[in-house]
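Have a look at the structure below before the remarks.
The values are calculated or read from the model by the stated rules, or taken from the named source; none is laboratory data. In this text the structure is predicted, and so the values were computed from the model without any measurement. As a convention, Cβ positions derive from the backbone with ideal geometry for all residues, glycine included, and neighbour counts pool all protein chains shown.
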Ligand SMILES: [Zn+2]
């Protein structure tokens, strides 16, 4: 977005409306209890703002969650070292002067009705303004983290709460899941492998497997895969979706109980768990090996990894890792960057640009809808290619029976109802943000062992992220008191 344009001015105004609206509602609520409390709140905010401005100006710090963590972990000596006589100037200008004004101000008590009307009018005006300027959301959403850390007093208030919430979550004792048995035991010298590919922002609507008019699934021809019908994501954003698909509680996962996640559970029971990530937002877990994109890149010579930054690198050296291990059970999770917007055109190598022209701006409202969809569809083609390569790799593995499950974390809006990207609250999220692809491939050995075919596996009429935990257990032959057969797509 360029400075000085109308769009820029509107975005700034939208931010000001959010800021002022929130402040007005908070102060109106504070004044409900007493006018003293109102004045006290104002003074407290002035003090916080003056300190925050001093640190932001002097040290260029951004008051995000990590920074608030630093603030609370600083000792007195360190804190003293950061103070400069200039702080007195900030206190005079931003605390003392406006503070005197507030203390001296003669505020009249107003009726409850006027309070309610004031709050309602503020909310109405702010909501109307936000909806009228929905095209700015994308930019605001993309920079929400940075903006949130700059807006006073919300930056330090919200991020202080977030910091302590994070600490509390870390300190909450993990609850172990009940002991598990393997059934049936794996045949001698036979490796049982489950690969879970977690897609990013891929929506079912744009897969030919789900009836899309374009051929976006040319690499995984029909018949190769079981196509699970009507799969709903539990959320519209990555962290929550991952939390539910890796929890035995599924969509009802709560932050109150820190239960062991699927990778930790299986790892504790001797399964070799390898997690490779070209994304983020994963819950805390124990694995046998955890590799970020950079870790894989380090061990990949340039001639072998031409398509370095793309998802394909998640497959590099995978077969060798499985072959080199003495273990007989593997869970491999590949967490893609997939179709993460808004820069869809950066998510696939140039040779996968099947649909043209493509949008090359992160300001999606600057692009034609056709070019946005083209770029997005190319990301699906590329994901389809990766799945087909993965299947080929698994087919080549000797003495093994394997399963590949591909599921997206959530869907994506591509301009329908004026919405882009994802993250709309579940209650009002359009179907495209929640209808996700869920595809399953089984090796010949696995199909014979279990007496299963694609038709039996895809017979269910409705699926969700709740199926992931129990289907992984099912595929690996893990049984325990928390296992639910009705959520296991491999249960005969
Ligand atoms: Zn996501």
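Worth a mention:
- Contacts under 8 angstrom Cβ, first residue in segment 443-461 being under 14 Å from residue 400 (Cα atoms), partner in a helix (DSSP H, G or I), 6 or more apart: 443/394; 443/395; 446/475
- Residues of segment 383-413 satisfying the condition of being part of a strand (DSSP E or B) and over 16 Å from residue 233 (Cβ atoms): 400, 401, 402, 403, 404
- Subset of segment 348-381 [part of a helix (DSSP H, G or I) and free of Cβ contacts under 8 Å to residues at least 24 places away in the same chain]: 350, 351, 366, 370, 371, 374
- If you go through segment 237-252 and keep only what is in a loop (DSSP other than H, G, I, E, B) and within 16 Å of the ligand (Cβ to nearest atom), you end up with 237, 246.
- Test result for residue 410, under 18 Å from residue 205 (Cα atoms), under 26 Å from the mean Cα position of the chain (by Cα) and at pLDDT below 95: no
- Scanning segment 311-320 for residues that are out of contact with any helix residue (DSSP H, G or I) (no Cβ under 9 Å at 6 or more places or on another chain) and within 15 Å of residue 390 (Cα to Cα) turns up at least one hit.
- Qualifying residues in segment 330-347 (those that are surrounded by 24 or more Cβ atoms within 10 Å (Cβ to Cβ) and without any contact (Cβ under 8 Å) to a residue 60 or more places away in the chain) - the one farthest from residue 400 (Cα to Cα): 344
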